[in-house]
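Every number in this text was worked out from the coordinates using simple rules, so none of it is lab data. None of the values given here were measured: they were computed from a predicted structure. Note that we place each Cβ from the backbone using ideal geometry, even for glycine, and neighbour counts take in every protein chain shown.
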Amino acid sequence: MVAVPAVLAVGAMAAMMGQGALAASFAVSGTSFQVSSGKLTSSGLSSYVQTDRSVDGKGHPVALLGIGDARLSDICQSARVKTPVGTVVFKLTAGGDAGEVTASNLIIDGEDLTGDARFGTAQIGRDASTLDAVQGVKGEPGKFGLQAGNIEVVGVRSHAWSATGGNFRLKGLKLDVSLDGKQCF
């Protein structure tokens with residue numbers, strides 16, 4: 001119940017970012033989190049390297065992954081956070097038997113990504129400022145970028161610093177906050 005206002009605020013910010021009314025840049029918390037899914041498909045992928053900054057100014061190198069019209073069989077997101085009452089795991093799950101999870105213009109600032117992947121029309125080494133597979137996802141001129149057409153990744157596992165997206169649809173949403181809880185993987 002405590003997290004409901006935060007979830008609603010994130011949803012409102014994601015909707016505004018999806019409409020271009022709010023920039024998709026913010027200071028990260030200083031705590032990375034896990035994201036997993038049985039299967040991810042998308043109409044496109046754009047990626048380039050950037051640095052996320054915590055409020056304390058610490059930099060975190062990430063691969064910005066822009067995923068257009070994402071469909072996930074299920075999703076699990078978890079973070080381990082130290083609090084005065086002990087280590088708490090914040091865990092959000094959705095999809096599975098409830099149906100697909102979808103998001104448009106999903107942006108993940110990840111430090112890794114594993115799974116079995118299939119990419120259509122991959123372009124590796126493209127100038128990051130010319131990326132056009134996912135609307136609005138472009139890096140700085142002269143920087144390394146890559147993009148692909150239709151993608152499918154099975155057994156998705158990632159550690160990320162932030163995720164934003166427009167029009168999230170989380171069927172079967174479940175939020176759990178527990179002391180010494182189990183993370184996604």
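Over the stretch 92-145, Cα pairs under 8 Å with separation of 6+ residues give a relative contact order of 25 percent. When only the Cβ of Lys, Arg, Asp and Glu is charged (+1, +1, -1, -1), the dipole of the stretch 4-179 relative to its Cα centre reaches about 240 debye.
Comparing 49, 28, 85 in a Gaussian network model of the chain, where Cα atoms under 10 Å apart are tied by springs, the biggest mean-square fluctuation is seen for 85.
By the beta-carbon count within 10 Å of each Cβ, the least crowded to most crowded order of 113, 64, 40, fewest first, is 113, 64, 40.
So which of 58/143; 138/174; 39/171; 91/143; 91/171 end up more than 26 Å apart, counting from Cα to Cα?
Listed pairs above 26 Å: 138/174; 91/143.
When the charge dipole of the chain is built from unit charges on Cβ atoms (+1 for Lys and Arg, -1 for Asp and Glu) and taken about the Cα centre, the candidate among 88, 33, 49 whose Cα reaches farthest toward its positive end is 88. For the chain, take the longest principal axis of its alpha carbons; what is the angle in degrees between that and the long axis of helix 4-18, to the nearest 10 within 0 to 90? Approximately 10 degrees, to the nearest 10.
Packing, as the average of other Cβ atoms within 10 Å across residues, places the peptides 116-127, 143-154 in the order 143-154, 116-127, highest first. In the chain, helices alone account for a calculated mean residue ellipticity at 222 nm of -2500 deg cm²/dmol, with every DSSP H run of four or more residues adding -39,500 (n - 2.57). Positive contributions from Lys and Arg (+1) and negative ones from Asp and Glu (-1), summed over other residues with Cβ under 15 Å from the Cβ of residue 51, come out at -2. Could you please report the charge total around residue 162, scoring K, R as +1 and D, E as -1 over all other residues with beta-carbon less than 9 angstrom from its beta-carbon? That works out to -2.
Summary value for the chain: 31 percent relative contact order, contacts being C-alpha pairs under 8 angstrom separated by 6+ residues.
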